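Read the figures in this text as sums done on the coordinates, not as results from a lab. All values derive from a computational prediction rather than experimental measurement. Ideal geometry is used to build each Cβ from the backbone, glycine not excepted, and the neighbour counts take in all protein chains shown.
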Amino acid sequence: TKYANVEADARKWLKGMTVWAEANSPTGDSPWGTAMWPFSPDWATGINESFEFSTNIITSFDGSEQRIARRPKHRRSLTLRHTLTTGDQSAFYGAILRARQNRPMLVPQWHMARKLAAPASVGQEYLDLVSAPPDDWESGTALVLAQGPTTRQINYVTTVEGNRVNLRQPLSINLATTTVVMA
C-alpha cells in the first residue's frame, strides 16, 4: 500500500516507455531489445524479487566462521507471470526468450521511485530528490524520468550526494516537482 500511487502511475506509462526507450536509445538499437516489457504482467500474482550471494566460508578450529564474498555484487532477479491468450503471443514470447538469453533488459522499478524536491531545467546536470535514493543508485545506473502521461527521459547517474543525484548528460526537458524518477 505504501507504493500504491506510484505503482498505478507505472502501470499507465510502462508500455509507452518501452517503445520510447528503443526509439531514443543513443545508438538507435538499445541493448535490451525492442521492448523491455512486451506483455502486460499478471499483477494479481505480483512480482517476486530475489537476491543471490556467493561466499566462501572459512571455519576456524573453535567453530567460528568467516564469510568472504566470491563476487563483488549480488545477483538480483525479478520474476513475474504473463497471461498469453493467443498462439501468436506464445510464439512471440518464446522468440524473445531465445533471443534475449544472457543479455540485459531494462525494467523500471517503481518501488524505488523518488519524486523531485525542486523543478529541474533544460541543461541541468543534477536532480534534487525529496528523499535519499536507494543505496544501489550508483555510477552508471539508468534512471527513467517520468512527468505526466507522456514526457519520458532516460539518463544515467554519475554520483549521488545525499538527496542530490548528478547525471551523466544534461537534461533536455524541463521537469516539475511531480516528476517520478526510478531506476
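When Lys and Arg each count +1 and Asp and Glu each count -1, what net charge do the other residues less than 13 Å away from residue 138, Cβ to Cβ, add up to? Its environment carries a net charge of -1.
Modelled this way, with points 7 Å down the Cα-to-C-beta line, the labels at residue 71 and residue 54 are 0.5 nm from one another.
Which net charge results for the neighbourhood of residue 118, defined as the other residues with beta-carbon distances under 12 angstrom from its beta-carbon, given Lys and Arg at +1 and Asp and Glu at -1? Overall, the nearby charge balance is +1. Under 5 Å between amide hydrogens, built in the peptide plane, is the criterion, and for residue 117 it picks out 128, 129, 130 among residues at least 5 positions away or on other chains.
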